[in-house]
Structure formats: structure tokens, C-alpha cells
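Q: Encoded as C-alpha cells, here's the structure I'll be asking about.
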């Protein structure tokens with residue numbers, strides 16, 4: 001037997017009674033699935049009555065023709081766990097989500113076609129969205145509160161007023177959502193800006209607002225645009241994300257708590273963004289580009305009440321105390337996180353990444369008579385190797401644009417780096433003939449603003465002092481999982497400095513099921529796998545000093561750690577330490 005969740009004259013109504021939504025954002029795709037239940041339980045113990053999650057389209061559909069709802073992508077199981085904890089759910093399926101997630105959730109393969117419209121009423125774009133909704137909205141519909149499930153609301157698009165004003169597009173999305181049996185209230189959310197509020201919603205949608213402070217003022221702005229109905233801050237920014245090369249963001253717990261108190265005191269509903277941030281595993285981090293390209297770090301801790309590794313923080317307790325003034329809060333408190341195991345691991349086998357390229361164990365070669373993008377090569381994330389032959393007269397390499405960072409080598413010897421962030425797109429070359437390799441890393445597709453949907457790789461041609469370079473060979477590196485063929489090429493290496501780009505491996509025993517924190521001091525930039533799971537990127541550029549290794553990945557004996565290091569290491573060793581180090585802040 002289902003219940004009713006409705007928009008009232010001044011309040012949300014649950015079975016006809018006023019209901020204040022006190023929600024927290026928790027993205028299933030940023031958390032190991034074996035830890036979903038733990039994070040949801042800790043939300044309840046803080047006093048939350050609702051869990052909000054985005055649905056990341058490109059996470060479920062990494063390649064054309066694929067859609068995965070299993071394992072770490074099992075949205076149905078996640079919503080069932082929310083219900084099992086006695087909480088409600090708000091689902092935000094986009095199709096665009098921002099979320100500091102690569103491409104804002106929009107698949108690179110979809111937007112590789114320049115004729116496909118981005119976030120507007122365009123037939124090919126809408127057809128693809130319809131197929132995306134076909135795949136997952138039925139399981140959301142079946143879990144609506146009216147059918148005995150936890151889902152009380154669904155959001156249409158996301159902060160659309162910051163991007164466009166195509167009302168026909170929003171109406172098409174509403175029709176698609178409702179056509180899949182979604183009968184709970186439909187929401188929009190936009191920033192605390194009059195123009196954005198005006199552009200980003202329709203009368204058919206209940207408006208919500210996003211902000212991190214000055215709650216009274218911002219809620220008054222929302223009320224001007226929506227004279228009746230409940231007030232809700234859909235994203236109460238109680239922290240912020242980190243970008244590589246920048247400082248670690250923190251927000252004082254007491255300030256966040258006071259702002260939350262101001263909000264709840266007005267009877268407004270809230271969704272904490274984030275309650276628990278989690279981790280940008282693999283190649284999933286997004287990026288911003290407002291003149292300078294800034295990729296997001298692997299850690300998405302967000303300075304949230306529940307830390308990246310699931311530990312309650314001072315902010316957790318401060319916000320819990322505020323919530324207790326307005327709603328029932330359980331007496332039980334979550335346990336503090338124990339110290340993680342500490343050990344040093346020797347990485348004793350390695351192979352040059354270029355040797356692996358030559359052996360064909362990293363991917364198939366493709367030949368081109370022009371300079372292709374990564375998207376042309378049908379590669380949607382990770383690294384791609386470009387190869388060509390140069391002469392002594394060439395003397396310099398310049399490209400139209402690099403997206404996003406390229407290590408340039410001549411006959412395997414590093415020449416330099418091309419960097420989108422640093423606006424570096426020209427390098428001098430040694431005056432000799434040889435094989436030029438340009439190893440390009442997609443550091444995250446832009447997730448906000450007009451550069452959503454742009455291609456990756458080398459863009460706009462490449463030339464030298466004397467000619468255009470048009471004859472290229474590419475290898476799309478298969479790094480989502482490490483093949484036995486690739487690992488079979490490793491050989492013993494001494495305990496001494498090691499030049500990159502290199503693939504290096506070690507084995508270690510530890511405490512099974514315990515969270516770990518990996519330090520990569522002495523390493524430059526690269527990727528880490530533990531027991532075949534790609535944790536994500538590390539970089540000496542700061543701020544992050546450790547990588548979170550979820551406990552479910554680890555067994556007692558024979559754990560395998562593999563790094564791809566692009567530049568080199570002082571010693572082929574890594575350390576696991578007792579706790580996280582997310583870097584220094586400005587404070």
C-alpha cells in the first residue's frame with residue numbers, strides 16, 4: 001500500500017500532513033556498493049529523513065549500445081537500501097547533473113556528433129534521452145512512494161537557468177519523465193539568481209534553490225519566483241570540491257550549522273550537498289574551464305559531514321545538533337573510524353609503458369592521414385598515445401590545443417609536457433630524426449558551462465617548424481581493467497629511482513576488509529589499481545596527499561597494487577598510512 005507525497009499551499013504533504021524534507025546527497029556511484037548501507041545508516045543517525053542521489057548517464061552507459069544496472073551501478077538496490085533504513089529518496093536523473101562528474105554525466109560518445117544538440121530541444125539529443133530514461137526510469141517508477149517505495153520526488157534537468165532558456169526542451173523532458181510512470185512531484189533547481197530562476201523552470205515544475213549561506217535572503221528570492229508551495233534548498237553547499245593544483249577547501253562547522261539553523265527555522269526543506277561526498281574512482285572526475293582548465297581531484301570528500309571514508313566529522317555532530325531542534329534524531333551515534341593499517345609496500349616488477357605499447361598489450365593500433373581527436377578514435381576517457389615520425393629539421397612541435405595534458409617523448413626519451421591548464425601547446429624538439437610519441441591524458445570532461453561536450457585529445461592540427469604533421473598512428477590505452485597479457489610483461493626491478501612512463505606492480509598482505517589510505521610521496525603523476533579496481537588518479541601537484549582505498553577491496557593475503565607512473569619515482573615503494581591527508585587549506 002502506497003502513500004502520498006504532494007505539494008501543499010505552504011508545505012510538502014505526506015499523506016496530507018506537513019512534512020519537512022531533511023535530506024542529504026549521497027551518490028551511489030561514488031561509493032563502493034558494499035558500503036552503501038553503512039553510509040545510508042549514518043545519514044539516518046544524523047537525523048536525515050531522505051537521501052538524494054543523481055543518476056550519472058555516462059556511468060551506466062560508458063559506450064554506445066551499453067547500459068549497465070549491475071554491481072556498483074545497481075540503482076535499484078541502492079534505492080532499496082534507502083527504503084530498508086526507513087528513509088525517503090529524491091532522484092535526480094538529469095540527463096545533465098554537473099556534480100563535478102566527467103561531462104556532467106552526459107556521455108562523450110553522444111556529444112561526439114556535432115549535430116547533436118546539447119541541453120536543448122534537438123531531435124537526436126531527445127531521442128538519446130528517451131532511450132536513457134527507458135533503461136532506468138521504470139525501476140525508479142516502481143519504487144515511488146505511491147507504490148510502497150521510498151521515492152518522493154524526481155528532478156528534471158539541473159540548474160538549467162545557468163545554461164539555457166529553452167522551455168520547449170524542459171517540456172519535452174517533463175513529458176518523457178511522466179511517460180515512464182513518474183507521478184511524484186517533479187522539481188527544478190537553480191541558483192540564487194533572478195535570471196537563472198526565471199530561465200530554469202516552468203509552472204509544471206516545483207522550483208527549488210541552491211546556495212550555501214544567507215538562507216533568509218535566498219529563500220526570499222525563491223519565494224518571489226514561486227509565491228506558493230514549500231521552500232526548499234536542493235543543494236545546501238556545506239563544503240566544496242577540490243581541484244588539482246589548488247588548495248583544499250574547508251568550511252567551518254559552526255558557520256554551516258548556523259546557516260542550516262536559519263534555513264530550518266523558516267520551515268524550509270533542505271538537501272545537504274554533500275552529506276557524504278565519496279570518491280571519483282577511475283576516470284570519473286569532472287573539470288571546470290572558465291579561462292583556466294581545472295580538473296577535479298580524485299577525492300570528493302567535499303568537507304562533508306561524513307568524510308570520504310565514512311567517518312563522522314565535527315560538522316556531522318554540529319549539524320546533528322541543529323537538526324535535533326526541528327526533527328527526531330536517534331539516540332545512537334556512529335562509531336569513530338579506527339586508524340587504518342600502516343605498512344610500506346615494495347613494488348618489485350615493472351615494464352616501460354612504451355614497451356607495452358610496442359608489444360600491443362595496451363590496445364590496438366589505428367592509422368590516420370590526419371590528426372584525430374580521442375573522440376574520433378572512439379575513446380571516451382583515459383589515455384591515448386599518438387605516434388609519428390619526425391626529422392631533424394622539424395625542430396618544434398605545436399598543436400592547436402591539448403585536451404588535457406600530454407607527455408611528449410622522442411624515441412622513448414621525455415621531451416616535455418603540453419598542458420591545457422598552463423596553456424602550453426608548443427615544445428622544442430631535439431634536432432634529430434626519430435619516433436615521436438605524444439601520450440595524452442583526458443583529465444576529466446568539463447562538467448559546467450558552455451564547454452560541455454567538447455572533444456578530447458589533440459585538437460586543431462599539429463605542425464613543426466617546416467610542415468604539418470598528418471601521418472599518425474594511435475593506440476587507445478585499455479586501462480579500465482589490467483589484462484593478464486599486460487601484467488605478464490613485467491620484470492623485476494631494483495629498489496632504486498625509476499623513470500617513467502612505467503607500469504609497476506607489488507603484492508602485500510594486510511587486514512582484510514579494513515579501509516586503507518595510500519600515500520604516493522615521491523611519485524609524480526599517474527593511476528593506481530588495487531586488486532584490479534582502478535582507484536583513480538594521483539598527482540604531486542597538490543592538494544591531495546592520500547588516496548582512499550575502500551576496505552571491501554582488500555583481502556588478508558596477496559593483494560596486488562599496480563601504478564602507471566608517467567614521470568618517475570624516487571623509489572618503487574608506496575606507503576599505507578593511518579588516516580587521510582587531503583592537503584592544506586588557505587586557512
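Q: Highest first, please rank the peptides 561-573, 95-107, 326-338 by the mean number of other Cβ atoms sitting within 10 Å of their residues.
A: Going by the mean number of other Cβ atoms within 10 Å, highest first, we get 95-107, 561-573, 326-338.
Q: Here's a follow-up. Let me know the volume per residue of the alpha-carbon convex hull for the range 326-406, in Å³.
A: That works out to 314 Å³ per residue.
Q: Shifting gears a bit: By what distance, in whole Å, do the Cα atoms of the chain stretch along each of the three principal axes, largest value first?
A: Sorted largest first, the three principal extents are 78, 52, 43 Å.
Q: Between the range 401-457 and the range 292-310, what is the separation of their alpha carbon centroids in Å?
A: 25 Å
Q: Over the chain, what relative contact order in percent results from Cα pairs under 8 Å that are six or more residues apart? Before the final figure, lay out the partial values.
A: On the way: 1471 pairs, mean separation 85.8, N = 587.
15 percent.
Q: For the range 438-587, what relative contact order do you get, as a whole percent, if you take Cα pairs closer than 8 Å and at least 6 residues apart?
A: Once normalised by length, the contact order is 26 percent.
Q: What distance in nm separates the two pseudo spin-label positions at residue 465 and residue 321, each 7 Å out from Cα along the beta-carbon direction?
A: 6.8 nm
Q: Once both axes come from the Cα atoms, what is the angle between helix 75-84 and the longest principal axis of the chain, in degrees from 0 to 90, rounded to 10?
A: Orientation of helix 75-84: about 40 degrees from the principal axis.
Q: Could I ask something else about it? So what's the angle, to the nearest 10 degrees on a 0 to 90 scale, between helix 215-225 and the longest Cα principal axis of the chain?
A: 80 degrees
Q: What percent do you get for the relative contact order of the range 386-433 when only Cα pairs under 8 Å and 6+ apart count?
A: Rounded, it is 46 percent for the range 386-433.
Q: Grab the DSSP H runs of the chain that are 4 residues or longer, score each as -39,500 (n - 2.57), total them, divide by all residues and round the 222 nm result to the nearest 500 deg cm²/dmol.
A: Computed mean residue ellipticity for the chain: -5500 deg cm²/dmol.
Q: To continue, here is another question. From the square roots a ≥ b ≥ c of the eigenvalues of the alpha-carbon gyration tensor of the range 438-567, which class results: rounded (a/c under 1.5), prolate (a/b over b/c), or oblate?
A: On the way: a/c = 2.18, a/b = 1.62, b/c = 1.34.
Note, shape of the range 438-567 comes out prolate.
Q: Want the number for residue 339 to residue 419: 0.36 nm per residue separation, take away the alpha-carbon distance, what's left?
A: Length gained between residue 339 and residue 419: 25.0 nm.
Q: Let me make sure I get this right: for the range 5-323, a, b and c are the square roots of the gyration tensor eigenvalues over alpha carbons, sorted descending. Under 1.5 in a/c it's rounded, otherwise prolate if a/b > b/c, else oblate. Which is it? It would help to have the intermediate numbers written out before the result.
A: Values: a/c = 1.25, a/b = 1.12, b/c = 1.12.
Cα axes put the range 5-323 in the rounded bin.
Q: Looking at the chain, what % of its DSSP beta bridges pair antiparallel, to the nearest 5?
A: Values: 92 of 124 bridges.
Just about 75 percent of them are antiparallel.
Q: Further question: Could you check the simple spin-label distance between residue 258 and residue 395, using points 7 Å along Cα→Cβ, in nm with one decimal?
A: 6.3 nm
Q: Testing the spin-label approximation: label points 7 Å from Cα along Cα→Cβ at residue 166 and residue 483. State their distance in nm.
A: 3.9 nm
Q: Let me ask something else. Using only alpha carbons, build the gyration tensor for the range 380-455 and give me the equivalent ellipsoid semi-axes, biggest first, whole Å.
A: On the way: eigenvalues 136, 30, 17 Å².
Whole-Å semi-axes of the equivalent ellipsoid: 26, 12, 9.
Q: Share of antiparallel DSSP beta bridges in the range 5-323, in percent to the nearest 5?
A: Around 30 percent of the beta bridges assigned by DSSP in the range 5-323 are antiparallel ones.
Q: Working from Cα positions, state the angle (0 to 90°, nearest 10) between the long axis of helix 167-179 and the longest principal axis of the chain.
A: Result, in degrees: 80.
Q: Multiplying the sequence separation of residue 370 and residue 507 by 0.36 nm and subtracting their Cα-Cα distance, what value in nm do you get?
A: Full extension from residue 370 to residue 507 adds 45.0 nm.
Q: How big is the gap, in Å, between the Cα center of the range 98-163 and the Cα center of the range 559-574?
A: First find each Cα centre; the distance between them is then 38 Å.
Taken together, the values in this text are just the output of simple stated rules run on the coordinates, not laboratory data. As the structure is a prediction and not an experimental result, all values here were calculated from the model. Heads up, the Cβs are rebuilt from the backbone with ideal geometry, glycines too, and the neighbour counts pull from every protein chain shown.
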